[in-house]
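The values are calculated or read from the model by the stated rules, or taken from the named source; none is laboratory data. Because the structure is a prediction, the values reported are computed rather than measured. Every residue, glycine as well, gets a Cβ built from its backbone with ideal geometry; the counts of neighbours run over all protein chains shown.
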Amino acid sequence: MRERHALLVNPFYPKDPHASFGKHVLTPTLALTSIAGATPPEWSVRYWDENLLQGPPPLDPVPHVVGITVHLTFAERAFELARFYRERGSRVVLGGLHVRSCPEECAPHADALAPGEGVQVWPEILRDAERGVLRPLYEGSFRRPYRDDPAPRRDLLPRRDFLTSTSVIATRGCHSRCGFCYLSTDGLHMPYQLRDPEQVAAEILADGQPYAVFVDNNLGSRPEYLTRLCRALRPLERIWSAAVSLDVTDHPDVIREMALAGCTGVFVGFESLQAENIADQRKRSPRPEDYARRVALLHDHGIQVNGSFVLGFDHDRPDVFERTAKWVESNRLECATFHILTPYPGTPLFRQFESEGRLLHRRWSLYDTSHVVFQPRHMTPEQLAKGYAWCYSRLFSHASIWRRRPRQADAVLPYLAMSYLYKRSNRM
């Protein structure tokens with residue numbers, strides 16, 4: 001074992017056959033590269049993403065400390081890797097959302113748990129490991145100013161394995177607390193924080209990539225901040241995409257700033273076309289009857305829309321699949337992502353379904369938004385599963401791709417290229 005050598009691991013997780021493999025390897029995990037940035041200079045550190053299929057877990061050298069991120073869908077694989085390294089003398093630290101929501105499940109597999117902000121506790125963990133006094137729990141706070149965190153260590157990445165290595169975050173948190181979202185997990189206190197726009201721009205410029213992906217939960221929560229960020233990005237002449245909530249279109253001037261700054265696409269959580277579903281989940285969102293006008297505003301500024309829809313809410317009936325697909329086509333969304341409603345442990349939705357006796361099982365590997373893990377209110381689990389698959393079959397049909405083509409003639413060929421590349425990555 002090499003003393004003062006750390007390994008950071010993103011475990012393998014099974015891929016949804018309806019989602020492009022490229023979706024999973026688009027950008028590296030920012031959590032681990034940020035933790036790498038906090039590694040003290042006297043320690044060496046390596047980043048290893050098992051999803052890149054680069055061979056068995058690295059053992060040359062055997063690391064002193066192994067940090068593994070844990071999500072419920074790949075928790076079992078994370079535990080296997082933890083056991084693998086502990087048997088060889090490494091100290092294993094588990095972090096991530098599953099450690100927050102199910103600490104009692106994770107604790108037997110680790111020498112230490114870090115359920116909160118990992119960047120600020122990582123140096124302390126390494127110092128304690130070096131002295132042989134590792135504690136069982138390290139709790140970082142998300143309330144410390146995010147701008148104070150060190151820059152991610154992108155130099156550790158195998159850049160050719162990603163569409164872009166410039167995954168970047170400017171804000172943390174969201175102004176909504178949707179009942180099904182992981183941000184509403186018990187014990188997770190993540191106030192909305194902002195980094196200095198100039199700091200974000202400098203980070204993008206330093207990475208030297210032509211395309212950046214913002215991995216913020218909601219880059220548009222503060223429109224006045226987004227405006228300042230766009231003005232800092234505009235001189236870079238880079239293109240970028242981000243997740244925003246649809247209410248960012250309350251401010252057409254902000255949409256214009258986004259387009260001028262190089263924004264080519266947004267991921268929007270529409271969630272549902274029924275207002276009752278939106279209200280049940282406490283999502284702050286425009287009314288569904290106004291969705292189309294807002295999509296048109298984004299399109300008018302040359303910004304593509306990837307719409308996210310959740311299927312299986314309590315007001316959904318078997319007609320939800322066809323209605324949603326037709327709406328996507330009539331509004332010419334360049335892409336759509338469908339999810340089966342999934343009650344993550346520790347969220348209000350999980351507690352509701354548990355109290356109502358509607359959870360079908362607790363096999364976390366299937367809590368991946370592509371399997372039905374609860375009893376829907378107005379359809380059978382089989383109907384929900386078939387309807388979800390049908391939505392993707394419809395979306396990737398030649399007819400649907402053509403119906404959703406942009407109205408601007410010069411945008412049609414790039415759209416078709418993107419659509420068929422995405423289709424090719426999916427074995428329908």
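Here is a yes/no grid of residues against (1) over 22 Å from R88 (Cα atoms); (2) of a type in the set (S, T, Y); (3) modelled with pLDDT of 90 or more; (4) in contact with a helix residue (DSSP H, G or I) (Cβ under 9 Å, 6 or more places away or on another chain):
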site: P103; (1), (2), (3), (4): yes, no, yes, no
site: D111; (1), (2), (3), (4): no, no, yes, yes
site: G116; (1), (2), (3), (4): yes, no, no, yes
site: E124; (1), (2), (3), (4): yes, no, yes, no
site: A129; (1), (2), (3), (4): no, no, yes, no
site: R135; (1), (2), (3), (4): no, no, yes, yes
site: G140; (1), (2), (3), (4): yes, no, no, yes
site: D149; (1), (2), (3), (4): yes, no, no, yes
site: P158; (1), (2), (3), (4): yes, no, no, yes
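Would you confirm whether or not the stretch 116-132 contains a residue that is in a loop (DSSP other than H, G, I, E, B) and surrounded by fewer than 20 Cβ atoms within 10 Å (Cβ to Cβ)?
yes
For the stretch 361-381, which positions are in a helix (DSSP H, G or I) and touching a Lys or Arg at 6+ places or on another chain (Cβ under 9 Å)?
The one that is in a helix (DSSP H, G or I) and touching a Lys or Arg at 6+ places or on another chain (Cβ under 9 Å): S365.
I'm trying to understand the selection: among the residues of the stretch 223-244, which are hydrophobic (A, V, I, L, M, F, W, C), part of a strand (DSSP E or B) and crowded, with 18+ Cβ neighbours inside 10 Å?
Listed by number, the residues that qualify are W240, A242, A243, V244.
Provide a single number: the residues in the stretch 282-304 that are touching a Cys at 6+ places or on another chain (Cβ under 8 Å) and closer than 27 Å to Q408 by Cβ.
The total comes to 2.
Restricting attention to the stretch 329-336, does a residue exist that is farther than 25 Å from G265 by Cα, assigned to a loop (DSSP other than H, G, I, E, B), in contact (Cβ under 8 Å) with a residue 60 or more places away in the chain and not assigned by TED's automatic domain parsing to the domain that holds E76?
No, there is no match, as no residue in the stretch 329-336 is farther than 25 Å from G265 by Cα, assigned to a loop (DSSP other than H, G, I, E, B), in contact (Cβ under 8 Å) with a residue 60 or more places away in the chain and not assigned by TED's automatic domain parsing to the domain that holds E76.
Residues in the stretch 26-60 that are aromatic (F, W, Y) and closer than 19 Å to A75 by Cβ: how many?
Number of matching residues: 1.
Any chance the stretch 310-320 includes a residue that's closer than 21 Å to G220 by Cβ and either of a type in the set (A, V, I, L, M, F, W, C) or at pLDDT below 95 (or both)?
So far as the stretch 310-320 goes, yes, one or more of its residues are closer than 21 Å to G220 by Cβ and either of a type in the set (A, V, I, L, M, F, W, C) or at pLDDT below 95 (or both).
When you scan the stretch 237-252, how many residues do you find that are within 29 Å of A206 (Cβ to Cβ) and not small (G, A, S)?
So the count comes out to 6.
Identify, from the list A296, A279, the residue that is modelled with pLDDT of 95 or more, over 19 Å from the mean Cα position of the chain (by Cα) and closer than 25 Å to A242 by Cα.
Being modelled with pLDDT of 95 or more, over 19 Å from the mean Cα position of the chain (by Cα) and closer than 25 Å to A242 by Cα holds for just one of A296, A279, which is A296.
Residue under question is D410, and the condition is that it be modelled with pLDDT under 95, part of a helix (DSSP H, G or I) and of a type in the set (D, E, K, R); does it hold?
The answer is yes for D410.
Find all pairs meeting these conditions: Cβ atoms under 6 angstrom apart; at least six residues apart or on different chains; first residue within the stretch 379-401 and touching a residue at least 12 places away in the same chain (Cβ under 8 Å); second residue β-branched (V, I, T) and crowded, with 16+ Cβ neighbours inside 10 Å.
Sorted first by the residue in the stretch 379-401, then by its partner, the pairs are P381/V372; L384/V372; A385/V372; Y388/I340.
Can you report the number of residues in the stretch 385-419 which are surrounded by 17 or more Cβ atoms within 10 Å (Cβ to Cβ) and among the aromatic types (F, W, Y)?
4
Could you list, in sequence order, all residues of the stretch 263-297 that are among the basic types (K, R), surrounded by fewer than 19 Cβ atoms within 10 Å (Cβ to Cβ) and not in a loop (DSSP other than H, G, I, E, B)?
Result: R293, single match.
Return yes or no: is R91 among the basic types (K, R), surrounded by 21 or more Cβ atoms within 10 Å (Cβ to Cβ), closer than 30 Å to L194 by Cβ and touching a Leu at 6+ places or on another chain (Cβ under 8 Å)?
no
For the stretch 86-124, which residues satisfy the criterion of being farther than 23 Å from D149 by Cβ and among the polar types (S, T, N, Q)?
Of everything in the stretch 86-124, those that are farther than 23 Å from D149 by Cβ and among the polar types (S, T, N, Q) turn out to be S90, S101.
State whether one or more residues within the stretch 74-81 are under 22 Å from R2 (Cβ atoms) and among the small types (G, A, S).
No, the stretch 74-81 has no match at all.
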